[in-house]
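K.L.:
Sharing a structure below in structure tokens format, with a few things to ask.
The values are calculated or read from the model by the stated rules, or taken from the named source; none is laboratory data. Keep in mind the model is a prediction, meaning the values are calculated, not measured. For neighbour counting, all protein chains shown are included, and Cβ atoms are generated from backbone atoms with ideal geometry for every residue, glycine included.
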């Protein structure tokens, strides 16, 4: 049960930042005894893989801080974040992998479903983030991009660590983060509607 919570927590973190949970798993497996990766996921601890993930993480962190670029990045990450969620769920829940030589056998195997579940979990925070960010940028004239992105990165790091050390607390943290993201989205949508209504009223008054 704890393995599933760990995998689900890592997948949710991937929805905020695709590379933090992957890099976290790899680093913890390589340099600590906190993570023992299944054989099929041992490549995550490879130094080349860690280096590539580190570079990708830096690019993601920087690009996500700028308005407009963050929205373009979110579109591109619609594939990357769910894929990362699927991988970290499978790795975090200690599921092995099946060589995709026979797709039908892979789909029928028990290893396929953790990946699918991880993809679905990662999609939730990703979509909330992708929808809210453009509205937030408009309301704050772009100033909110860096603040929001930093909070999301910190949350992804915290959830990744908690998922390994104390999965139950990680699960609680995810519920809180998702609830806050939903609340932020609702407030942003409401504020955007009020802004449009105010502009419409001003336009009518001028005529």
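K.L.:
Test each condition in (1) at negative phi; (2) in contact (Cβ under 8 Å) with a residue 60 or more places away in the chain for residue 142 and report the one that comes out false.
P.N.:
Looking at each condition in turn, residue 142 falls short on (1).
K.L.:
What number goes with the only condition from (1) more than 28 Å from residue 26 (Cβ to Cβ); (2) modelled with pLDDT of 85 or more; (3) surrounded by 14 or more Cβ atoms within 10 Å (Cβ to Cβ) that residue 144 does not pass?
P.N.:
(2)
K.L.:
Select from segment 24-39 the residues that are surrounded by 12 or more Cβ atoms within 10 Å (Cβ to Cβ) and more than 12 Å from residue 92 (Cα to Cα) and write down the one among them that is nearest to the chain's Cα centre (by Cα).
P.N.:
Here the residue is 27.
K.L.:
Next up: Among the residues of segment 43-65, which ones are assigned to a helix (DSSP H, G or I) and surrounded by 15 or more Cβ atoms within 10 Å (Cβ to Cβ)?
P.N.:
Of everything in segment 43-65, those that are assigned to a helix (DSSP H, G or I) and surrounded by 15 or more Cβ atoms within 10 Å (Cβ to Cβ) turn out to be 44, 45, 49, 50, 53, 56, 57, 60, 61, 63.
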